[in-house]
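Accompanying notes for the structure given below.
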Amino acid sequence: MNFPAELKYSKSHEWVKMDGEVAVVGISDFAQDALGDVVFINLPAEGDTVTAGESLGDVESVKAVSDVISPVSGTVCAVNEALADAPETLNSDPYGAWIIRVSPVTDTEELLDAAAYEAHCAEEG
Amino acid sequence: MERKTPLYQTHVDAGGKIVEFGGFLMPVQYPTGVLTEHMAVREKAGLFDVSHMGELRLRGPDAVANVQKLITADISTMQDGDIKYAMLCNDAGGIIDDFIVYRCAADDYWLVVNAGNRDKDAAWVEGHLFGDVDYRDEGDEWGQLALQGPKSGEILKKLCAEQYIPAKYYTFTDNVPLDLGERTIRALVSQTGYTGEYGFEIYCKAEDTVELWHALLKAGEEFGLIPCGLGARDTLRLEASMPLYGHEMNEEITPKMAGLPCKLTGKDFIGRDALVALGAPKMKRIGMKVVGRGIVREHCDLYTMEGEKLGWASSGTFAPFIGCGVAMGYIPVEDIEIGRHLNADVRGRMVELEIVPMPFYKLEK
């Protein structure tokens with residue numbers, strides 16, 4: 001299991017990378033492993049408003065469907081449309097496969113650093 | 001407490017993700033993942049631990065009469081080594097379980113039943129016995145492995161002579177000597193499965209299961225054989241439109257509703273009178289493909305495109321080989337028309353489906 005130190009994490013297993021004023025959001029290695037093979041993703045649209053702690057879309061694996069909880073509030077300024085055609089990238093490269101970029105960010109969930117998030121995952125098993 | 005098969009520790013050691021199913025702790029997938037495991041079975045071969053299945057034996061002078069009374073299928077024309085698909089029905093004609101019945105001898109029949117229904121079936125069978133019949137629940141004595149996929153015959157041939165391998169679908173050979181390298185064991189080999197693919201189910205003594213598992217994996221390595229979990233078993237059976245108890249069948253659903261073979265003439269069985277009285281069913285099982293993206297899963301309600309509620313989805317998944325979402329469900333008979341589009345309520349969002357013929361996937365013979 002991989003927990004890059006430069007990222008922040010939500011307890012619901014999304015990662016956030018601050019790129020200047022822009023928050024880049026994806027799902028963690030732990031999340032993709034728990035989901036299994038991802039076959040579909042429902043993405044928001046550019047210009048949509050997302051709210052910290054609420055669903056921004058969902059990912060669907062063979063086994064189950066799971067909400068992606070937005071770790072930040074703000075306006076979606078870019079969507080990784082390539083994921084719609086290649087959702088398996090979420091499994092093979094969870095930290096490269098960003099889902100949305102949010103700017104401006106108006107609010108943020110309580111986020112964990114890599115060590116705290118790793119401990120949180122260990123607790124969830 | 002959940003039961004474990006003889007292979008439980010083997011699954012854990014191999015990185016299998018363990019879930020509860022039918023009262024057993026079983027691997028839902030290995031690190032390879034459901035998609036890879038599914039495709040291995042369609043293209044090469046996969047090995048499943050299905051030791052959770054139950055085995056009930058009825059033996060003795062009145063075994064035939066008891067089995068005939070209990071199950072939907074007529075066993076009078078079966079020969080030794082034949083297998084038939086059948087159901088137990090309750091007095092109202094609802095399905096208690098579905099299973100396959102093996103004729104081991106003219107006075108010896110073996111029912112291989114669903115793990116989750118094993119205790120219920122055993123109680124039902126035991127409660128309806130009559131005459132001179134010896135009944136035994138042998139569930140704990142057997143291990144069962146399913147070797148499925150186009151390469152399964154070649155793999156099996158490395159463990160036993162070809163003469164022992166049942167050449168016809170739904171037939172079996174008993175007491176087959178399987179060479180595991182260190183020693184030879186005896187097993188029952190049947191050409192059956194729950195994947196819609198060519199393959200075999202191998203029944204061995206519970207204590208031989210782990211060794212047989214490793215011997216098969218080793219023999220199959222050169223053919224691309226990999227261990228598979230219950231996740232792939234479910235996507236494979238769904239892609240082949242095979243019904244699953246608790247989804248397409250339950251005690252309120254009759255064989256006719258489920259579209260399963262059940263002759264009401266020729267012989268009597270428990271539930272037959274009720275089924276005759278019920279006549280043609282109002283709701284029937286249908287197969288559907290998702291139009292576009294998405295997955296419609298069990299419990300989703302089905303609607304007409306105009307928004308009128310019709311029925312429900314009983315199972316659904318992404319079908320890896322076909323490459324789209326597939327589902328089965330129940331709607332009124334008069335609404336069934338191949339090519340018709342329906343909507344399913346998936347978490348508050350409508351997902352469009354098309355009614356298609358079953359099976360979704362059929363092996364080319």
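For the stretch B:315-353, filtered to residues that are closer than 18 Å to residue B:238 by Cα and of a type in the set (Gly, Ala, Ser), the residue that is nearest to the chain's Cα centre (by Cα) is B:315. What do you reckon, is residue B:232 more than 14 Å from the chain's Cα centre (by Cα) and of a type in the set (A, V, I, L, M)? No; evaluated as a whole, the condition is false for this residue.
Determine whether residue B:329 is away from every other protein chain (no Cβ under 14 Å) and either in contact with a helix residue (DSSP H, G or I) (Cβ under 9 Å, 6 or more places away or on another chain) or in a strand (DSSP E or B) (or both). Taking the combined requirement at face value, the residue satisfies it. Within the set A:83, A:90, the sole residue that is under 21 Å from residue B:349 (Cα atoms), in contact with a helix residue (DSSP H, G or I) (Cβ under 7 Å, 6 or more places away or on another chain) and in a helix (DSSP H, G or I) turns out to be A:83. Among the residues of the stretch B:60-67, are any free of Cβ contacts under 8 Å to residues at least 60 places away in the same chain, away from chain A (no Cβ under 14 Å), open to solvent by less than 10 Å² (accessible area, probe 1.4 Å) and touching a Cys at 6+ places or on another chain (Cβ under 9 Å)? Checked against the condition, which is being free of Cβ contacts under 8 Å to residues at least 60 places away in the same chain, away from chain A (no Cβ under 14 Å), open to solvent by less than 10 Å² (accessible area, probe 1.4 Å) and touching a Cys at 6+ places or on another chain (Cβ under 9 Å), the stretch B:60-67 yields no hits at all. Looking only at residues of the stretch A:103-119 that are farther than 20 Å from residue A:20 by Cβ and not hydroxyl-bearing (Ser, Thr, Tyr), we find that the one that is surrounded by the most Cβ atoms within 10 Å (Cβ to Cβ) is A:112.
Going residue by residue through the stretch B:203-218, is there one that turns out to be hydroxyl-bearing (Ser, Thr, Tyr) and open to solvent by 20 Å² or more (accessible area, probe 1.4 Å)? No, the stretch B:203-218 contains no residue that is hydroxyl-bearing (Ser, Thr, Tyr) and open to solvent by 20 Å² or more (accessible area, probe 1.4 Å).
Annotation: of all residues in the stretch A:79-102 being more than 12 Å from chain B (Cβ to nearest Cβ) and among the acidic types (Asp, Glu), the one that is surrounded by the fewest Cβ atoms within 10 Å (Cβ to Cβ) is A:81. The residue that is least open to solvent (accessible area, probe 1.4 Å), among those in the stretch B:27-53 that are within 14 Å of chain A (Cβ to nearest Cβ) and closer than 27 Å to residue B:121 by Cβ, is B:27.
Here residue A:44 meets the list (1) within 14 Å of chain B (Cβ to nearest Cβ); (2) open to solvent by 40 Å² or more (accessible area, probe 1.4 Å); (3) of a type outside the set (Gly, Ala, Ser) almost entirely, failing just condition (2). Looking at the structure I just gave you, is residue A:30 of a type in the set (A, V, I, L, M, F, W, C), in contact with a strand residue (DSSP E or B) (Cβ under 6 Å, 6 or more places away or on another chain), within 15 Å of residue A:89 (Cα to Cα) and within 14 Å of another protein chain (Cβ to nearest Cβ)? No, not satisfied.
Pairing residues of the stretch A:54-67 that are within 11 Å of another protein chain (Cβ to nearest Cβ) with residues that are assigned to a loop (DSSP other than H, G, I, E, B) and of a type in the set (Asp, Glu), at Cβ distances under 7 Å and at least 6 apart in sequence or on separate chains, gives A:61/A:37; A:62/A:37.
Of all residues in the stretch A:59-78, those satisfying the criterion of being within 12 Å of the chain's Cα centre (by Cα) and open to solvent by 20 Å² or more (accessible area, probe 1.4 Å) are A:66, A:67, A:69. Quick check on the stretch B:294-311: of everything there that is surrounded by fewer than 17 Cβ atoms within 10 Å (Cβ to Cβ) and touching a Phe, Trp or Tyr at 6+ places or on another chain (Cβ under 8 Å), which residue is farthest from the other protein chains (Cβ to nearest Cβ)? Of everything passing the filter in the stretch B:294-311, B:309 is farthest from the other protein chains (Cβ to nearest Cβ).
The values are calculated or read from the model by the stated rules, or taken from the named source; none is laboratory data. Everything numeric in this text was worked out from a predicted model, so none of it was measured. FYI the Cβ positions are ideal-geometry reconstructions off the backbone, even for glycines, and counts take in every protein chain you see. Side chains are part of the model used for accessible areas, which takes the heavy atoms of the whole protein and leaves out ligands, DNA and RNA. Shrake-Rupley method; radii C 1.70, N 1.55, O 1.52, S 1.80 Å.
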